[in-house]
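Undergrad: Before we start, here is the structure in question, set down as structure tokens.
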Amino acid sequence: MKTKITELFDIEHPIIQGGMHYVGFAELAAAVSNAGGLGIITGLTQKTPEALAAEIARCREMTDRPFGVNLTFLPTVSSPDYPGYIRAIIEGGVKIVETAGRNPQAYLPALKDAGIRVIHKCTSVRHALKAEKIGCDAVSVDGFECGGHPGEDDIPNMILLPRAAEALSIPFVASGGMADARSLVAALALGAEGINMGTRFIATVEAPVHDKVKQAIVAASELDTRLIMRPLRNTERVLTNDAVERLLVKERERGAELSFNDIMEEVVGVYPRIMREGDMDAGAWSCGMVAGLIHDIPTCAELISRIMGEAEALVRERLMGLL
């Protein structure tokens with residue numbers, strides 16, 4: 001299956017693994033890339049540029065296929081050493097970067113001068129158009145269904161993707177609600193050139209997270225995610241647990257007086273405890289509504305092969321059969 005995304009990134013299948021905190025390590029990125037997709041290392045999970053450089057080198061030992069690095073630009077008081085991370089990416093020979101968060105414009109010249117192709121995550125058409133204007137090569141359009149930060153517009157992909165197709169000139173992939181062949185074929189029909197999967201790739205053999213995390217995704221239904229931090233206009237979709245429900249009570253009780261300090265216990269520094277130790281009630285962690293479509297824990301190769309095989313059957317048999 002050839003699309004503008006497979007050509008842009010020189011990959012076999014139009015499937016990208018999203019950059020996920022404490023999930024996007026070399027093991028997973030290499031497994032996805034070896035299976036013909038595009039694996040992504042999560043840059044800021046690595047505490048320093050030097051650590052990222054080591055992780056890129058580790059990934060190189062596991063795959064000779066293209067992989068990328070996610071770099072999320074956070075609105076923080078003490079900003080990470082972004083020039084250092086970009087230097088590690090360039091010196092590591094990485095040619096694909098997934099940017100997210102704040103506008104990456106200030107950092108694009110360094111990336112573009114190094115011949116790096118940039119795909120920016122967007123939750124609205126207006127942000128996607130801005131990404132196109134500043135020179136991004138592609139965008140990942142994230143619908144309201146997605147795990148993590150879906151923005152504040154609450155537009156699901158059935159509307160957002162065709163709107164993006166109407167407005168954009170650069171290629172885009174669909175993110176949020178993507179799990180299987182049906183997701184891929186639907187995304188292509190709505191104008192996308194591929195899909196970005198986050199939650200689905202957590203529930204794989206190679207994902208370097210605690211088995212309890214994978215089992216929680218398999219056990220969850222589409223009703224088991226919650227939106228937190230809405231009053232702070234920093235909405236995040238997470239899997240429900242005791243900590244999340246406690247946080248939501250705080251939000252209701254504090255109302256307009258809510259501050260980030262009120263919920264720090266449930267959201268700051270919890271990822272290592274959840275992803276590494278399997279402490280499933282330690283705090284809030286990103287998970288998409290797509291958990292309701294995830295019923296097993298395959299290898300990345302099995303998952304991608306299954307998606308592509310079933311997608312071809314869907315197109316050739318079901319859709320062509322309707323004509």
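The values are calculated or read from the model by the stated rules, or taken from the named source; none is laboratory data. Here the structure is a predicted model, which means the values were calculated and not measured. As a convention, Cβ positions derive from the backbone with ideal geometry for all residues, glycine included, and neighbour counts pool all protein chains shown. When the accessible area is computed, the model is the full protein with side chains, heavy atoms only, and any ligands, DNA or RNA have been set aside. Shrake-Rupley method; radii C 1.70, N 1.55, O 1.52, S 1.80 Å.
Undergrad: Filter the stretch 158-184 down to the residues that are open to solvent by 20 Å² or more (accessible area, probe 1.4 Å) and assigned to a helix (DSSP H, G or I) and list them by number.
TA: Met158, Ile159, Pro162, Arg163, Ala165, Glu166, Ala167, Arg182
Undergrad: Return the residue satisfying two criteria in turn: it lies in the stretch 266-323 and is over 17 Å from Ala179 (Cβ atoms) and among the small types (Gly, Ala, Ser), and of such residues it is surrounded by the fewest Cβ atoms within 10 Å (Cβ to Cβ).
TA: It comes out as Gly321.
Undergrad: Which ones in the stretch 119-149 are small (Gly, Ala, Ser) and more than 12 Å from the chain's Cα centre (by Cα)?
TA: Ser124, Ala128, Ala131, Gly135, Ala138
Undergrad: Which residue is surrounded by the fewest Cβ atoms within 10 Å (Cβ to Cβ), if the candidates are limited to the stretch 97-112 and must be under 20 Å from Phe67 (Cα atoms) and in contact with a helix residue (DSSP H, G or I) (Cβ under 7 Å, 6 or more places away or on another chain)?
TA: Ala110
Undergrad: To continue, here is another question. Return the residue satisfying two criteria in turn: it lies in the stretch 1-38 and is free of Cβ contacts under 8 Å to residues at least 40 places away in the same chain and crowded, with 24+ Cβ neighbours inside 10 Å, and of such residues it is farthest from Glu91 (Cα to Cα).
TA: Ser33
Undergrad: In addition: Is there any pair linking a residue in the stretch 83-96 that is within 19 Å of Ser33 (Cα to Cα) and open to solvent by 80 Å² or more (accessible area, probe 1.4 Å) to one that is charged (D, E, K, R) and not in a loop (DSSP other than H, G, I, E, B), with Cβ under 7 Å and at least six apart or on different chains, and which?
TA: Within 7 Å, the pairs are Lys95/Arg117.
Undergrad: Give the residues of the stretch 228-242 that are within 19 Å of Leu293 (Cα to Cα) and not in a loop (DSSP other than H, G, I, E, B), sorted by residue number.
TA: Of everything in the stretch 228-242, those that are within 19 Å of Leu293 (Cα to Cα) and not in a loop (DSSP other than H, G, I, E, B) turn out to be Arg237, Val238, Leu239.
Undergrad: Quick one: in the stretch 39-65, which of the residues that are among the hydroxyl-bearing types (Ser, Thr, Tyr) and assigned to a loop (DSSP other than H, G, I, E, B) is most open to solvent (accessible area, probe 1.4 Å)?
TA: Ranking the candidates gives Thr48 first.
Undergrad: So in the stretch 123-136, with the set limited to residues that are open to solvent by 40 Å² or more (accessible area, probe 1.4 Å) and in contact with a Leu (Cβ under 8 Å, 6 or more places away or on another chain), which one is farthest from Pro14 (Cα to Cα)?
TA: That would be Leu129.
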